[in-house]
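The values are calculated or read from the model by the stated rules, or taken from the named source; none is laboratory data. Given the structure is predicted, the values throughout are model-derived calculations rather than measurements. Here the Cβ is made from the backbone with ideal geometry for all residues, glycine too, and neighbour counts use every protein chain on show.
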Amino acid sequence: MYRTPSLRSTTKGGALAVGLAAVVGTSLLASSPAMAAPKPVPKGVRIQCGGFSGPNATFPHFLTDCTRRNGTTGTGQSNRTAPGTETITWDAPFVKGKSMPLTNITNSPVSPPSGACPADHPGEVNVSGVIGGTKWAGSPVTATICANANDFLLKPGTYFVIGKTPKDADIDDFNDEP
């Protein structure tokens, strides 16, 4: 016996087809070469990370979507070693999995705030420090974060940046190892 499709079953089938098409389209888009290309890193920057987040009172703090000037990409994390000092450890093979001290950490609230922080993380704060104890010693570190009472995230549209010192400005980017 032939069953006439109801509006309900036709709608479900149509929705399923549209949903599958969206998933397949998104998968193809995400795997396209244009999406895989790392973001360009400006001259004078050693590493820039598109993500920096973590809880306010505990560690680690996570560095994600990181790109070096030489084009390699990876992730890392920072852990407090003493007040005002943290150790950044990169996940190998990025920066060869090395660790480096981040010293002289300061933060200052942005006043007035730019309004670019999400409503659930309204506190805008400039964070800075200096890399110590490696060949990158003296490299400035900067980020602008958005915080609430529990955690923080990188301000949208900005980067966590490890810059080059003026004395290192002309170092070949492919041989610039800490």
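This table checks each residue for (1) over 16 Å from the mean Cα position of the chain (by Cα); (2) acidic (Asp, Glu).
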| residue | (1), (2) |
| --- | --- |
| GLY50 | no, no |
| GLY54 | no, no |
| THR67 | no, no |
| THR73 | no, no |
| ASP91 | no, yes |
| PHE94 | no, no |
| VAL110 | yes, no |
| GLY123 | yes, no |
| GLY133 | yes, no |
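Return the only residue of LYS164, LYS155 being in contact with a Cys (Cβ under 8 Å, 6 or more places away or on another chain) and either modelled with pLDDT under 95 or assigned by TED's automatic domain parsing to the domain that holds VAL110 (or both).
Numbers: LYS164 fails: in contact with a Cys (Cβ under 8 Å, 6 or more places away or on another chain).
Result: LYS155 is the single residue among LYS164, LYS155 that is in contact with a Cys (Cβ under 8 Å, 6 or more places away or on another chain) and either modelled with pLDDT under 95 or assigned by TED's automatic domain parsing to the domain that holds VAL110 (or both).
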(request) Please give the number of the condition PRO42 fails out of (1) in a loop (DSSP other than H, G, I, E, B); (2) farther than 15 Å from PHE160 by Cβ. (result) (2)
(message) For segment 63-143, give me every one of the strands (runs of 3 or more DSSP E) that falls completely inside it and has 1 or more residues that are touching a Cys at 6+ places or on another chain (Cβ under 7 Å) and over 19 Å from VAL45 (Cα atoms).
(response) 123-131
(message) Any residue that is of a type in the set (Asp, Glu) and surrounded by fewer than 16 Cβ atoms within 10 Å (Cβ to Cβ) - is there at least one of those in segment 151-161?
(response) no
